[in-house]
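Enquirer: Attaching a single structure in C-alpha coordinates format; questions to follow.
The values are calculated or read from the model by the stated rules, or taken from the named source; none is laboratory data. Not measured: the values here are computed from a predicted model. All Cβ positions, glycine included, derive from the backbone under ideal geometry; neighbour counts span all protein chains shown. Quick note on the areas: whole protein, heavy atoms, side chains included, nothing else; ligands and nucleic acids left out. Shrake-Rupley method; radii C 1.70, N 1.55, O 1.52, S 1.80 Å.
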Amino acid sequence: MIALSHFNQLEPDAAMALLQPCVALPGWTAALVAARPFASLAALRHTAQALAESWGSAELEQALSAHPRIGEKPAGQQTHAALSRQEQSAVNADDMQLAEALRMGNLRYEARFGRVFLIRAKGRSGEEILHALEQRLANSVTEEMAVALEQLREITLLRLAGAIGE
Ligand SMILES: NC(=O)NC1=NC(=O)NC1=O
(Lines give C-alpha, C1' and ligand atoms only; values in the text may rest on other atoms or scores of the structure.)
Protein backbone atom coordinates (compact mmCIF):
# COMPACT_ATOMS: atom_id res chain seq x y z
CA MET A 1 0.00 0.00 0.00
CA ILE A 2 1.23 3.51 -0.77
CA ALA A 3 0.10 6.88 0.53
CA LEU A 4 -2.22 9.03 -1.57
CA SER A 5 0.37 11.82 -1.66
CA HIS A 6 2.89 9.34 -3.11
CA PHE A 7 0.35 8.08 -5.67
CA ASN A 8 -0.34 11.67 -6.77
CA GLN A 9 3.33 12.15 -7.58
CA LEU A 10 4.09 8.84 -9.32
CA GLU A 11 5.17 8.83 -12.96
CA PRO A 12 2.08 7.88 -15.05
CA ASP A 13 3.49 4.46 -15.97
CA ALA A 14 4.21 3.61 -12.33
CA ALA A 15 0.75 4.82 -11.30
CA MET A 16 -0.83 2.65 -14.03
CA ALA A 17 1.20 -0.37 -12.87
CA LEU A 18 0.05 0.14 -9.30
CA LEU A 19 -3.63 0.24 -10.32
CA GLN A 20 -3.49 -2.50 -12.96
CA PRO A 21 -4.33 -5.37 -10.53
CA CYS A 22 -7.51 -3.55 -9.42
CA VAL A 23 -9.30 -4.46 -12.66
CA ALA A 24 -8.20 -5.58 -16.14
CA LEU A 25 -9.62 -2.42 -17.78
CA PRO A 26 -6.75 -0.14 -18.87
CA GLY A 27 -9.22 2.59 -19.87
CA TRP A 28 -10.43 2.89 -16.28
CA THR A 29 -6.89 2.82 -14.89
CA ALA A 30 -5.63 5.44 -17.35
CA ALA A 31 -8.59 7.75 -16.63
CA LEU A 32 -7.99 7.50 -12.88
CA VAL A 33 -4.28 8.21 -13.28
CA ALA A 34 -5.08 11.18 -15.53
CA ALA A 35 -7.47 12.59 -12.91
CA ARG A 36 -4.66 13.07 -10.38
CA PRO A 37 -3.87 14.76 -8.10
CA PHE A 38 -6.60 13.74 -5.62
CA ALA A 39 -7.14 15.92 -2.58
CA SER A 40 -8.35 13.00 -0.44
CA LEU A 41 -9.01 9.26 -0.45
CA ALA A 42 -12.72 10.10 -0.62
CA ALA A 43 -12.11 12.08 -3.81
CA LEU A 44 -10.10 9.20 -5.27
CA ARG A 45 -12.85 6.72 -4.36
CA HIS A 46 -15.55 9.00 -5.77
CA THR A 47 -13.78 9.37 -9.11
CA ALA A 48 -13.00 5.65 -9.29
CA GLN A 49 -16.67 4.81 -8.64
CA ALA A 50 -17.88 7.40 -11.16
CA LEU A 51 -15.55 6.07 -13.86
CA ALA A 52 -16.85 2.54 -13.18
CA GLU A 53 -20.53 3.53 -13.50
CA SER A 54 -20.23 3.50 -17.30
CA TRP A 55 -19.09 -0.14 -17.44
CA GLY A 56 -21.26 -2.46 -19.50
CA SER A 57 -21.15 -6.00 -20.89
CA ALA A 58 -17.96 -5.37 -22.87
CA GLU A 59 -16.08 -4.23 -19.78
CA LEU A 60 -17.43 -7.14 -17.77
CA GLU A 61 -16.26 -9.67 -20.34
CA GLN A 62 -12.82 -8.07 -20.52
CA ALA A 63 -12.46 -7.85 -16.73
CA LEU A 64 -13.48 -11.48 -16.22
CA SER A 65 -10.28 -12.55 -17.97
CA ALA A 66 -8.51 -11.66 -14.70
CA HIS A 67 -10.99 -13.26 -12.31
CA PRO A 68 -10.75 -16.99 -11.70
CA ARG A 69 -13.86 -19.01 -10.94
CA ILE A 70 -14.89 -18.97 -7.32
CA GLY A 71 -13.35 -22.01 -5.68
CA GLU A 72 -10.61 -22.26 -8.30
CA LYS A 73 -7.83 -20.42 -6.56
CA PRO A 74 -5.55 -19.15 -9.33
CA ALA A 75 -1.95 -20.22 -9.59
CA GLY A 76 0.62 -17.67 -10.62
CA GLN A 77 2.50 -14.94 -8.88
CA GLN A 78 0.88 -11.97 -10.58
CA THR A 79 -0.63 -9.51 -8.15
CA HIS A 80 -4.19 -10.06 -9.32
CA ALA A 81 -3.84 -13.83 -8.76
CA ALA A 82 -2.56 -13.25 -5.23
CA LEU A 83 -5.44 -10.83 -4.63
CA SER A 84 -7.96 -13.40 -5.83
CA ARG A 85 -6.53 -16.05 -3.52
CA GLN A 86 -6.69 -13.63 -0.59
CA GLU A 87 -10.25 -12.54 -1.43
CA GLN A 88 -11.38 -16.16 -1.66
CA SER A 89 -9.58 -17.22 1.51
CA ALA A 90 -12.84 -17.71 3.41
CA VAL A 91 -13.90 -20.40 0.93
CA ASN A 92 -12.81 -23.48 2.84
CA ALA A 93 -11.02 -25.48 0.17
CA ASP A 94 -11.06 -28.53 2.48
CA ASP A 95 -14.86 -28.70 2.43
CA MET A 96 -15.22 -31.07 -0.48
CA GLN A 97 -19.03 -30.89 -0.47
CA LEU A 98 -18.91 -27.09 -0.71
CA ALA A 99 -16.23 -27.23 -3.40
CA GLU A 100 -18.33 -29.61 -5.46
CA ALA A 101 -21.48 -27.49 -4.99
CA LEU A 102 -19.56 -24.39 -6.12
CA ARG A 103 -18.14 -26.25 -9.09
CA MET A 104 -21.59 -27.39 -10.18
CA GLY A 105 -23.05 -23.96 -9.50
CA ASN A 106 -20.38 -22.30 -11.61
CA LEU A 107 -21.17 -24.67 -14.48
CA ARG A 108 -24.91 -23.98 -14.21
CA TYR A 109 -24.25 -20.23 -14.10
CA GLU A 110 -21.97 -20.35 -17.14
CA ALA A 111 -24.48 -22.44 -19.07
CA ARG A 112 -27.21 -19.90 -18.29
CA PHE A 113 -25.36 -16.59 -18.63
CA GLY A 114 -22.40 -17.51 -20.82
CA ARG A 115 -19.69 -16.13 -18.53
CA VAL A 116 -17.94 -16.80 -15.25
CA PHE A 117 -19.95 -16.13 -12.08
CA LEU A 118 -18.46 -13.02 -10.42
CA ILE A 119 -19.00 -12.07 -6.82
CA ARG A 120 -17.16 -9.87 -4.36
CA ALA A 121 -15.78 -12.74 -2.31
CA LYS A 122 -14.02 -10.74 0.41
CA GLY A 123 -16.01 -10.90 3.63
CA ARG A 124 -18.19 -13.76 2.41
CA SER A 125 -18.00 -17.38 3.53
CA GLY A 126 -18.11 -20.18 0.99
CA GLU A 127 -21.67 -20.93 2.06
CA GLU A 128 -22.73 -17.30 1.55
CA ILE A 129 -21.16 -17.32 -1.90
CA LEU A 130 -22.96 -20.55 -2.81
CA HIS A 131 -26.26 -19.10 -1.57
CA ALA A 132 -25.75 -15.94 -3.64
CA LEU A 133 -24.91 -18.07 -6.68
CA GLU A 134 -28.12 -20.05 -6.31
CA GLN A 135 -30.18 -16.89 -5.82
CA ARG A 136 -28.65 -15.18 -8.86
CA LEU A 137 -29.30 -18.16 -11.11
CA ALA A 138 -32.94 -17.08 -10.97
CA ASN A 139 -32.14 -13.60 -12.30
CA SER A 140 -33.04 -12.53 -15.81
CA VAL A 141 -30.12 -11.90 -18.16
CA THR A 142 -30.61 -8.14 -17.77
CA GLU A 143 -30.90 -8.28 -13.98
CA GLU A 144 -27.82 -10.47 -13.70
CA MET A 145 -25.73 -8.19 -15.91
CA ALA A 146 -26.42 -5.33 -13.49
CA VAL A 147 -25.62 -7.48 -10.45
CA ALA A 148 -22.39 -8.82 -11.94
CA LEU A 149 -21.25 -5.29 -12.86
CA GLU A 150 -21.93 -4.11 -9.30
CA GLN A 151 -19.82 -6.98 -7.96
CA LEU A 152 -17.01 -6.02 -10.34
CA ARG A 153 -17.18 -2.43 -9.05
CA GLU A 154 -17.07 -3.65 -5.43
CA ILE A 155 -14.03 -5.86 -6.09
CA THR A 156 -12.28 -3.05 -7.95
CA LEU A 157 -12.92 -0.45 -5.24
CA LEU A 158 -11.80 -2.89 -2.52
CA ARG A 159 -8.55 -3.54 -4.41
CA LEU A 160 -8.06 0.21 -4.91
CA ALA A 161 -8.50 0.75 -1.16
CA GLY A 162 -5.88 -1.94 -0.58
CA ALA A 163 -3.42 -0.27 -2.96
CA ILE A 164 -3.65 3.36 -1.84
CA GLY A 165 -4.10 4.44 1.77
CA GLU A 166 -3.54 7.50 3.94
N1 LIG B 1 -15.21 -15.32 -10.01
C2 LIG B 1 -15.01 -14.49 -8.97
O3 LIG B 1 -15.97 -14.01 -8.34
N4 LIG B 1 -13.71 -14.16 -8.66
C5 LIG B 1 -13.37 -13.29 -7.67
N6 LIG B 1 -14.15 -12.68 -6.77
C7 LIG B 1 -13.35 -11.89 -5.95
O8 LIG B 1 -13.71 -11.21 -5.01
N9 LIG B 1 -12.05 -12.02 -6.34
C10 LIG B 1 -12.01 -12.87 -7.42
O11 LIG B 1 -11.02 -13.24 -8.07
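Listed here are the residues, each with its yes/no results for (1) at pLDDT below 95; (2) under 22 Å from residue 23 (Cα atoms); (3) open to solvent by 50 Å² or more (accessible area, probe 1.4 Å).
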residue	(1), (2), (3)
107	no, no, yes
111	no, no, yes
115	no, yes, no
118	no, yes, no
131	no, no, yes
138	no, no, yes
145	no, yes, no
150	no, yes, yes
153	no, yes, no
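Enquirer: Another question about this same structure. Among the listed residues 66, 93, 99, identify the single one that is over 14 Å from residue 124 (Cβ atoms), open to solvent by less than 80 Å² (accessible area, probe 1.4 Å), in contact with a His (Cβ under 9 Å, 6 or more places away or on another chain) and among the aliphatic types (A, V, I, L, M).
Expert: 66
Enquirer: Go through (1) more than 15 Å from the ligand (Cβ to nearest atom); (2) in a loop (DSSP other than H, G, I, E, B); (3) open to solvent by 50 Å² or more (accessible area, probe 1.4 Å) one by one and return the number of the condition residue 55 breaks.
Expert: Result: residue 55 passes all but (3).
Enquirer: With the condition being away from the ligand (no atom under 15 Å from the Cβ) and farther than 17 Å from residue 71 by Cβ, I'd like the helices (runs of 4 or more DSSP H) fully within the stretch 96-166 carrying at least 2 qualifying residues.
Expert: In the stretch 96-166, the matching helices (runs of 4 or more DSSP H) lie at 141-163.
For every residue, the table says whether it meets (1) aromatic (Phe, Trp, Tyr); (2) in contact (Cβ under 8 Å) with a residue 40 or more places away in the chain.
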{"position": "75", "(1), (2)": "no, no"}
{"position": "94", "(1), (2)": "no, no"}
{"position": "98", "(1), (2)": "no, no"}
{"position": "102", "(1), (2)": "no, no"}
{"position": "111", "(1), (2)": "no, no"}
{"position": "117", "(1), (2)": "yes, yes"}
{"position": "121", "(1), (2)": "no, yes"}
{"position": "124", "(1), (2)": "no, no"}
{"position": "128", "(1), (2)": "no, no"}
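Enquirer: State yes or no: is residue 61 within 14 Å of the ligand (Cβ to nearest atom), assigned to a helix (DSSP H, G or I), acidic (Asp, Glu) and open to solvent by 60 Å² or more (accessible area, probe 1.4 Å)? Step through it out loud before you land on a result.
Expert: Values: within 14 Å of the ligand (Cβ to nearest atom): yes; assigned to a helix (DSSP H, G or I): yes; acidic (Asp, Glu): yes; open to solvent by 60 Å² or more (accessible area, probe 1.4 Å): yes.
The answer is yes for residue 61.
Enquirer: Against the conditions (1) at negative phi; (2) small (Gly, Ala, Ser); (3) crowded, with 16+ Cβ neighbours inside 10 Å; (4) at pLDDT below 95, where does residue 48 fall short? Just the number, please.
Expert: Single failed check for residue 48: (4).
Enquirer: Sticking with this structure for a sec: All but one of (1) under 18 Å from the mean Cα position of the chain (by Cα); (2) farther than 26 Å from residue 144 by Cβ; (3) among the aliphatic types (A, V, I, L, M) hold for residue 81, so report the exception by its number.
Expert: (2)
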